[in-house]
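Enquirer: This is the structure I want to talk about, given as structure tokens.
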Amino acid sequence: MNEPATSHQALQEMLDGIVKQASNSLRNYGYEGDWENVSTCWNEFCAINMRGKNNPKPVQWAWIVIKRAMAVRGSLNNNVSATILAINMANFIQAAERAKFSYFVPDIERGQKIINSSKQGHEVVYGTPEEKQARWRKYQTDLEQAHMDHPTWGIMALRETVAELNGVNPKTIQSHTSKTW
């Protein structure tokens with residue numbers, strides 16, 4: 001009999017902690033208010049949302065997390081059915097996960113920009129994958145032609161000749177060609 005009350009209390013404490021974290025997030029963005037109070041929180045939430053949608057994503061999700069936490073808290077306090085409590089908990093968990101993700105979205109977008117510009121720079125310096133394949137086919141063709149011109153030469157001498165002809169290191173020729181004869 002003692003276990004349900006303990007788990008109820010643990011859930012209540014977890015919700016209180018999460019609401020405090022979300023409240024601190026809102027305060028960090030300059031939104032003051034008694035976020036831990038259910039009625040004040042809801043009124044303040046509605047008032048701020050009416051001001052416009054120019055709020056940063058973390059702020060928007062902090063409000064949603066608080067709102068969902070308040071729904072779960074209300075379900076616990078009013079002894080509603082397990083189904084409604086489960087639905088409220090699922091909504092709360094989904095909002096909390098999305099809120100956590102929203103904190104990283106700007107970093108993800110910035111990281112993606114860096115990756116894309118790096119790829120573009122790499123293509124400028126080394127060529128597109130198609131250009132590289134064409135260049136490597138040319139190395140192979142040149143190596144086979146050099147072998148036909150000088151059948152008695154060893155593979156290292158042929159690679160050095162092809163490398164000198166193409167202005168690259170013999171190791172590049174070794175990496176991108178194979179002995180086909």
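Enquirer: Taking into account only those residues within the range 72-95 that are surrounded by fewer than 18 Cβ atoms within 10 Å (Cβ to Cβ) and of a type in the set (G, A, S), which is farthest from the chain's Cα centre (by Cα)?
Expert: S81
Enquirer: Would you point out the residue of the range 115-157, among those that are outside any helix (DSSP H, G or I) and of a type in the set (G, A, S), that is farthest from K171 (Cα to Cα)?
Expert: It comes out as G127.
Enquirer: Continuing with the same structure: State yes or no: is A157 modelled with pLDDT of 95 or more and either among the polar types (S, T, N, Q) or in contact with a His (Cβ under 9 Å, 6 or more places away or on another chain) (or both)?
Expert: For A157, the condition - modelled with pLDDT of 95 or more and either among the polar types (S, T, N, Q) or in contact with a His (Cβ under 9 Å, 6 or more places away or on another chain) (or both) - is met.
Enquirer: Hey, another quick one. When only residues in the range 150-181 that are under 44 Å from the mean Cα position of the chain (by Cα) and aliphatic (A, V, I, L, M) count, which is surrounded by the most Cβ atoms within 10 Å (Cβ to Cβ)?
Expert: Once the filter is applied, the top-ranked residue is I173.
The values are calculated or read from the model by the stated rules, or taken from the named source; none is laboratory data. A quick note: this is a predicted structure, and the numbers were derived from the prediction, not measured. Methodologically, a virtual Cβ is constructed for each residue, glycine included, from the backbone with ideal geometry; neighbour enumeration extends over all protein chains shown.
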